[in-house]
1. Looking only at helices (runs of 4 or more DSSP H) that lie completely in segment 268-346, which have at least 2 residues being under 30 Å from ASP31 (Cα atoms)?
2. SER80 - would you say it is part of a loop (DSSP other than H, G, I, E, B), modelled with pLDDT of 95 or more and open to solvent by less than 40 Å² (accessible area, probe 1.4 Å)?
3. Please specify each residue of segment 228-254 satisfying the condition of being closer than 26 Å to PRO307 by Cα and in a loop (DSSP other than H, G, I, E, B).
4. Quick test of your reading of the structure: ALA116 fulfils all but one of (1) of a type outside the set (Ser, Thr, Tyr); (2) modelled with pLDDT under 95; (3) crowded, with 18+ Cβ neighbours inside 10 Å. Name the failing condition by number.
5. Sort out which residues of segment 185-203 are open to solvent by 50 Å² or more (accessible area, probe 1.4 Å) and either small (Gly, Ala, Ser) or touching a His at 6+ places or on another chain (Cβ under 8 Å) (or both), and write them in order of number.
6. Can you tell me which residue is nearest to VAL42 (Cα to Cα) among those in segment 76-129 that are touching a helix residue (DSSP H, G or I) at 6+ places or on another chain (Cβ under 7 Å) and among the hydroxyl-bearing types (Ser, Thr, Tyr)?
7. Quick test for you: out of PRO312, PRO256, PRO307, pick the one residue that is under 20 Å from the mean Cα position of the chain (by Cα) and open to solvent by 10 Å² or more (accessible area, probe 1.4 Å).
8. Residue under question is LYS234, and the condition is that it be closer than 22 Å to PHE291 by Cβ and modelled with pLDDT under 95; does it hold?
Amino acid sequence: MARTALILTSATAVAFSLTACGGTGSGESGDKTVTVYSADGVGDWYKAQFAKFKDQTGIAVNLVEAGSGEVVSRVEKEQSNPQADVVVTLPPFMQKADKSGLLQASGIDTAAVAPADKDAKGNWVTLAGNYLCFIANPSVDATKVITWDDLLKPDYKGKIQYSTPGQAGDGTAVLILLQQLMGKQGALDYLTKLQANNVGPSSSTGKLQAKVDKGELLVANGDVQMNLATVKEKGSKFDVFFPATADGKAKTVALPYLMGLAKGAPHSSAGKKLMEFLLSADAQKSLPDAFAVPARTELANVPATTPGAVSPASVVKNVEILHPDWTKVLDDLDADVAAYSKATGS
């Protein structure tokens, strides 16, 4: 979802070597490899789907995972010699990539995805739905309502950490949610107060999970898909919750994974085939088992089938979902992050 420093595996290094040697940008039909730059969080789902894709097409997929902002920065830095074919990241970073001219229209069929969940120009489309959340160590009773004001209490001094706005998608979402709830100045005032309890900056949301699990932190931010998957796959004991406003109502923001074809993609033909595959009904219907929401409208309410899997819809059923205008968010992002850094000293 977006959460870790850039990781280059040996397989990815091979992909870079191949694209550097044959990176004509022509996307020939004979391409046998495709490189995906993605915000992390759905790695296990990727692994299963990429294996199926290779079986069906003979095309191998090399995955590079990074924080949401780092994904876009990497694509931008490589424009003189593009390496990525497909880009997956969170808002508003996909909108930033689009505005910066780092994407191209894929031309793939996205009719099964609602108009609000895709770019009118065809430059990006929602791959999977997700939501911002928080996690709490078992010593915190998350069955009770936990308000934003509660997190300011001395009990949490040195025991709260959230990923950095402007660097991590989930951390940026924290700032955006607070702006939606309190207004821009109100959000800055709140986060300035929270500094008394905040451990400090973190470019990785994912790394906060282990700290909460061990009790090094009592509360951290996260997202529903990543956190539920970690509980199931690693046996983590933390609880997912949504901080409430003073009236006791919990609210959060939708934080979908968005997918686009990179400008100058060295293997654009293979990239388009992969995008079509990942949006297919067969691939999408497996997303609930990965704790994510299918982008296809006819599959929005498909339940999870794997034992132990929890439907994201059931987790947010009593939570109000806010849908920010991500284009407006992007227009103001640099100024908002600068104001955040000044206010908090981060």
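The values are calculated or read from the model by the stated rules, or taken from the named source; none is laboratory data. This structure is a prediction, so every number in the text was calculated from the model and none was measured. All Cβ positions, glycine included, derive from the backbone under ideal geometry; neighbour counts span all protein chains shown. To get the accessible areas, we keep the full protein, side chains included, count just its heavy atoms, and leave off ligands, DNA and RNA. Shrake-Rupley method; radii C 1.70, N 1.55, O 1.52, S 1.80 Å.
1. Details: elements: 268-278, 281-284, 312-315, 326-344.
It comes to 268-278, 281-284.
2. Values: part of a loop (DSSP other than H, G, I, E, B): yes; modelled with pLDDT of 95 or more: yes; open to solvent by less than 40 Å² (accessible area, probe 1.4 Å): no.
No: the conditions fail for SER80.
3. Once the filter is applied, which keeps residues that are closer than 26 Å to PRO307 by Cα and in a loop (DSSP other than H, G, I, E, B), segment 228-254 yields GLY235, SER236, LYS237, PHE238, PHE242.
4. (3)
5. Taking segment 185-203 and keeping what is open to solvent by 50 Å² or more (accessible area, probe 1.4 Å), we get 185, 189, 192-193, 195-196, 199, 201, 203.
Within segment 185-203, ALA196, SER203 qualify.
6. Selected residue: THR89.
7. Details: PRO312 fails: open to solvent by 10 Å² or more (accessible area, probe 1.4 Å); PRO307 fails: under 20 Å from the mean Cα position of the chain (by Cα).
The unique qualifying residue is PRO256.
8. Numbers: closer than 22 Å to PHE291 by Cβ: yes; modelled with pLDDT under 95: yes.
Against the criterion (closer than 22 Å to PHE291 by Cβ and modelled with pLDDT under 95), LYS234 qualifies.
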